[in-house]
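Asks: Let me give you the structure first, and then I'll get to my questions.
The values are calculated or read from the model by the stated rules, or taken from the named source; none is laboratory data. Just so it is clear, the structure is predicted and the values come from calculations on it, not from any experiment. We place every Cβ from the backbone using ideal geometry, glycine too, and count neighbours over all the protein chains shown. When the accessible area is computed, the model is the full protein with side chains, heavy atoms only, and any ligands, DNA or RNA have been set aside. Shrake-Rupley method; radii C 1.70, N 1.55, O 1.52, S 1.80 Å.
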Amino acid sequence: MSVLGLLGDPMITDLSRRLARPGEAGFLLGSDQLGRDTLARVLAGLRWSLAVAAGATIIAAVVGVTLGLLAADRPGWIRLSINQLVDMVLSFPGLVIAIVVVAAIGHGFWALVLTLGLLSWPVFARVVYAEARSLLTRDYMLAARLAGSSRFRILAGHLLPGLAPSLSVMVAFHFADMMIAESALSFLGVGAPLGTPSLGNMLAESRQFLFIAPELMLVPATAIVLAVIAANLVGDGLASQESRLEEEK
Amino acid sequence: MSTPEHARHPLMRSVLLGVLQRVFSLLLLLFVLTTLLFFLLRMTGDQALALAGPDATTEQITAIRAQFGLDRPLGVQYLSYIGELLRLDFGTSIISGQGAMREATSRLWATVALAITAMAVTVALAIPLGAWMGAMPNTGARRSLAGCIFLLQGMPGFVVALLLVQLFAVQLKWLPFMGYGSFSTWILPTLTLASFLLPKLTRVVASNVDAALREDYIRTARANGASFTELYWRHALPNALLGATALLGTQFAFLLSGSVITETIFGWPGIGSLLIRSIQSADFAVVQAVTLLIAIMVFLINTTTDASFQLLDPRLRRGAG
């Protein structure tokens, strides 16, 4: 990040150079109400968004894949309770509960990562469960079981690789969703701590300068849209690659 | 006494069974949610300190603890809290002094009205767009429309709102940038909320129409000389729309997340902006009332959609075939 550091410090305030237009007073993308460099803040904000989204996606994927595989492998009360939990979480507006949870356990990086990850794993669990059920009926699964492979070996060694293509697509789209969720929470004031350079915080602060400095909104808005679109493009690319491979089979 | 007529009818029975199962999951959800809220909201800090104010003496704080029962063990507090909820006592707002649930329900209409308007706009735009896109050959026009949809999908709802405000309220000065009342105040919030579902619904309609037109029976019919227009309007489109309507029901919960954002930005007096305001002012009784109200609303919508789909689509009926 030292290269980005050369562009300026996102926290340095300079009231003599406040609300500079892009290109003025030595700021490539202007400065905010405290004279802080917008470009530096957007880059720091992107780093924050990417880190929160990555952490939340990893947690959601690990928990969701584990519970999805467990539900597929163990019929009976384990499957029933996991599926009931998945339905329950998915039927409830995630943002509402995330707002309440983050407000209660406090703002900050880990609070956001844990809340977003632990509220969004059912998305993975549902798909993994459905695909694992159909994969488990394949002949090579039966062969593995007859060869005496342990349950864990079957799930981790034979089933998981079969799920990899659709998992990679889901990870990309989930990453985009997590970035949107993080910025929405920060925008509503229940995400990144106040003053942290995050895209959501910057957009919330920009609303006071709606009339005099629209670029304070346009710059972070462009950054978040580009980041989300980039993640969606990766997901789309992976999905079309997967369907091409399916057709070739 | 013989079984009532409706219970013997297999279709009604399957619908009733589905509703019963959903009522069970609602009760489970409400139980989990209230328990979660109880422990979460007690993690946010000492309520007695908040109620007493910064200048209170130790004796005053102790008195307040005793008055509100905060000195009892946590388990006892939890049981009495559940007891209050069962008697439909949701506590009072520390801001307005009104009953928390009454405060929440008084704002319900603004939220529901905006959600319905946005849903109507979404459907009115997404179905023609998707139906047109799905039937079109892969030309420049289709690809550029798909590109616009993709761009919109990459925009968080609050970014859409901020851009709309900047363009129509600040630059062009055509519409108010916030408020609730006359027709013009409805336009930007409706468009914002509609943008949450529009890209998804358009894509689903388009891909459903596209898939329906590739079905073997359509190809056979076309080879036999049936006209494309007839096949499109009478077979491909209705099939595609049934799938798309199912999406709308399941996305209602997502739309409510959008309401929180939209209402906060436009100062809309609904339950979404109430939730944010209550969290900022630590008005826990209202936070809880709003959350429970949302859970019940989502339940009602999901149950109605499920039941009506079982009635509409014979393939979904329990025990059919």
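Asks: Looking at B:L237, is it assigned to a helix (DSSP H, G or I) and open to solvent by less than 20 Å² (accessible area, probe 1.4 Å)? Break it down into steps so the answer makes sense when it comes.
Replies: Details: assigned to a helix (DSSP H, G or I): yes; open to solvent by less than 20 Å² (accessible area, probe 1.4 Å): yes.
When the stated conditions are applied, B:L237 passes them.
Asks: Has the stretch B:22-40 got at least one residue that is modelled with pLDDT under 80 and farther than 25 Å from B:L292 by Cβ?
Replies: no
Asks: How many residues are assigned to a loop (DSSP other than H, G, I, E, B) and of a type in the set (F, W, Y) if we restrict to the stretch A:27-78?
Replies: Residues that pass the stated criteria total 1.
For (1) on the phi < 0 side of the Ramachandran plot; (2) of a type in the set (G, A, S); (3) touching a helix residue (DSSP H, G or I) at 6+ places or on another chain (Cβ under 6 Å), each residue gets a yes or a no:
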| site | (1), (2), (3) |
| --- | --- |
| B:R234 | yes, no, no |
| B:T245 | yes, no, no |
| B:I261 | yes, no, yes |
| B:G270 | yes, yes, yes |
| B:F299 | yes, no, yes |
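Asks: Restricting the search to the stretch A:56-111, which residues are surrounded by 22 or more Cβ atoms within 10 Å (Cβ to Cβ), modelled with pLDDT under 90 and more than 11 Å from chain B (Cβ to nearest Cβ)?
Replies: A:A72
Asks: Yes or no: A:V219 touching a residue at least 12 places away in the same chain (Cβ under 8 Å), more than 10 Å from chain B (Cβ to nearest Cβ) and open to solvent by 50 Å² or more (accessible area, probe 1.4 Å)?
Replies: Numbers: touching a residue at least 12 places away in the same chain (Cβ under 8 Å): yes; more than 10 Å from chain B (Cβ to nearest Cβ): yes; open to solvent by 50 Å² or more (accessible area, probe 1.4 Å): no.
Taking the combined requirement at face value, the residue does not satisfy it.
Asks: While we're looking at this one, here's another question. Filter the stretch B:257-272 down to the residues that are open to solvent by less than 20 Å² (accessible area, probe 1.4 Å) and either farther than 16 Å from B:V165 by Cα or outside the structural domain of B:G181 (by TED's automatic domain parsing) (or both) and list them by number.
Replies: Scanning the stretch B:257-272 gives B:S257, B:G258, B:S259, B:V260, B:G270, B:I271, B:G272.
Asks: Something else: Give B:A253, B:A289, B:A282 a once-over and let me know the one that is under 30 Å from A:A204 (Cβ atoms), within 11 Å of another protein chain (Cβ to nearest Cβ) and in contact (Cβ under 8 Å) with a residue 60 or more places away in the chain.
Replies: Answer to the check: B:A282.
Asks: Is it true that B:A289 is in contact with a strand residue (DSSP E or B) (Cβ under 9 Å, 6 or more places away or on another chain), closer than 19 Å to B:V260 by Cβ and at pLDDT 85 or above?
Replies: yes
Asks: Taking B:R317 as meeting all but one of (1) at pLDDT 80 or above; (2) open to solvent by 20 Å² or more (accessible area, probe 1.4 Å); (3) not aromatic (F, W, Y), write down the number of the exception.
Replies: (1)
Asks: Give me a count of the residues in the stretch A:154-208 that are open to solvent by less than 40 Å² (accessible area, probe 1.4 Å), more than 11 Å from chain B (Cβ to nearest Cβ), polar (S, T, N, Q) and part of a helix (DSSP H, G or I).
Replies: Looking only at that region, the number is 2.
Asks: Which number in (1) within 14 Å of chain A (Cβ to nearest Cβ); (2) at positive phi; (3) at pLDDT 80 or above marks the one condition that B:G45 misses?
Replies: Result: B:G45 passes all but (3).
Asks: Taking the condition among the basic types (K, R) and at pLDDT 75 or above, does B:R13 pass? Steps first, answer last, please.
Replies: Values: among the basic types (K, R): yes; at pLDDT 75 or above: yes.
Yes, satisfied.
Asks: Continuing with this model, one more query. Look through B:A194, B:A161 and report the one residue that is on the phi < 0 side of the Ramachandran plot, within 14 Å of another protein chain (Cβ to nearest Cβ) and among the aliphatic types (A, V, I, L, M).
Replies: The match here is B:A161.
Okay, residues lined up against (1) crowded, with 18+ Cβ neighbours inside 10 Å; (2) away from chain A (no Cβ under 14 Å); (3) within 30 Å of B:R214 (Cβ to Cβ); (4) modelled with pLDDT under 85:
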| position | (1), (2), (3), (4) |
| --- | --- |
| B:I94 | no, yes, no, yes |
| B:T105 | no, yes, no, no |
| B:P128 | no, yes, yes, no |
| B:G134 | yes, yes, yes, yes |
| B:L172 | no, no, no, yes |
| B:F183 | no, yes, no, yes |
